[in-house]
1. Right, residue 180: touching a strand residue (DSSP E or B) at 6+ places or on another chain (Cβ under 9 Å) and of a type in the set (D, E, K, R) or not?
2. Residues of region 27-82 being open to solvent by 100 Å² or more (accessible area, probe 1.4 Å) and more than 30 Å from residue 225 (Cβ to Cβ), which ones?
3. Of all residues in region 49-107, which are assigned to a loop (DSSP other than H, G, I, E, B), acidic (Asp, Glu) and free of Cβ contacts under 8 Å to residues at least 40 places away in the same chain?
4. If you go through region 50-71, how many residues are over 14 Å from residue 40 (Cα atoms) and polar (S, T, N, Q)?
5. For region 210-258, which residues satisfy the criterion of being among the basic types (Lys, Arg) and closer than 23 Å to residue 168 by Cβ?
6. Anything in region 244-293 that is open to solvent by 60 Å² or more (accessible area, probe 1.4 Å) and among the small types (Gly, Ala, Ser)? List them, or say none.
7. List the number of the failed condition for residue 30; all other conditions in (1) β-branched (Val, Ile, Thr); (2) touching a helix residue (DSSP H, G or I) at 6+ places or on another chain (Cβ under 7 Å); (3) part of a loop (DSSP other than H, G, I, E, B) hold.
8. Taking interchain pairs and intrachain pairs at least six residues apart, which have beta carbon atoms under 9 angstrom, with the first residue in region 20-39 and under 13 Å from residue 60 (Cα atoms) and the second surrounded by 11 or more Cβ atoms within 10 Å (Cβ to Cβ) and among the charged types (D, E, K, R)?
Amino acid sequence: WQARYAEQGVDGLLRDKTRKPGRARLPTATVARVLALTCSEPTGAVTHWTGRAMAKAVGISLRAVQRIWEASRLQPHRLRTFKRSTDPAFATKVEDIVGLYMDPPCHAVVLSIDEKSQIQALDRTQRGLPLKPGRCGTMTHDYKRNGTTTLFAALNTLDGTVVGRCMPRHTHKEFLTFLKAVERAVPAGKLIHAIVDNYATHKHPKVLEWLADHPRWVFHFTPKSASWINAVEGFFSAITRRRIRRGVFRSVAELQDAITRYIRQHNKAAKPFVWTKSADAILAKLARLPEPSE
């Protein structure tokens, strides 16, 4: 400070001297090499690059690799799966079902119907500890099975309400019983367009015979390997995450009562189901997928 005062006076003490940045910028060639290696097969007997493996291969820090990946939106640790439908009528069925979602016919009800089978009534061997500041809730790893149930559900896409029934099995007899319950719930005079998957129960001769006796029902079958297009699957996902997975049930009856109460609460605040992707957008995305291997 004395030397700075002697050289520059008071002004030299009021502000620090400019200095070089503490971290030198990576050369463009190094960044390009990281990006090229990330998008190529890794060396050795591994399937994908990790941050530390990339840092060692290029000779930079782990944090530098992470910054490059973040800036380029590269995530080698993640993998997203897909499955191409082999249904020859895939495009026709997608246009039919998406058309029901986005432009439902007048004087009709559009229902998405499916069953969630083998829901287990699991009881934990010990009570868990509740959530508190600094500690998450706990649940024992081991459990006791107390039986299973099957949830039949019909999602009304026009208002978001759900008609649900729990039954011990999921054969065509239980499916017919559920269809009769839905028939009573839908006002008379309205057509019923039901979206169902290709499960054998939905095409059983007894079911087809019942449909022939009830002409206001029309079944629309989803393409094979395309359960994502069935709207009720979203409801099954929600009830699994919010009520079933962390639940403790000492009997099947207790599990069924919990499911019934959840459906009742859901219907009180139900909102219309909104489908946003057009059939053209779905088919265009399908065209971008890689061709299936021989």
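The values are calculated or read from the model by the stated rules, or taken from the named source; none is laboratory data. Since the structure is predicted, the reported quantities are computational estimates derived from the model, not experimental observations. Counting neighbours? That spans all protein chains shown, and the Cβs are built from the backbone with ideal geometry, glycine included. Please note that ligands, DNA and RNA were not included when accessible areas were found on the heavy atoms of the full protein model with its side chains. Shrake-Rupley method; radii C 1.70, N 1.55, O 1.52, S 1.80 Å.
1. On the way: touching a strand residue (DSSP E or B) at 6+ places or on another chain (Cβ under 9 Å): no; of a type in the set (D, E, K, R): yes.
The answer is no for residue 180.
2. Of everything in region 27-82, those that are open to solvent by 100 Å² or more (accessible area, probe 1.4 Å) and more than 30 Å from residue 225 (Cβ to Cβ) turn out to be 28, 33, 43, 45, 52, 56, 63, 70.
3. As a first pass, look at region 49-107 and keep what is assigned to a loop (DSSP other than H, G, I, E, B): 49-50, 59-61, 73-89, 103-107.
Add one more test, that the residue is acidic (Asp, Glu), and what stays is 87, 103.
Matches in region 49-107: 103 only.
4. 2
5. Here is the first cut: in region 210-258, the residues among the basic types (Lys, Arg) are 216, 224, 241-243, 245-246, 250.
243, 245, 250 - these are the residues of region 210-258 that are among the basic types (Lys, Arg) and closer than 23 Å to residue 168 by Cβ.
6. 253, 269, 287, 293
7. Residue 30 satisfies all of (1) β-branched (Val, Ile, Thr); (2) touching a helix residue (DSSP H, G or I) at 6+ places or on another chain (Cβ under 7 Å); (3) part of a loop (DSSP other than H, G, I, E, B) except (3).
8. Every condition considered, the pairs that remain are 26/67.
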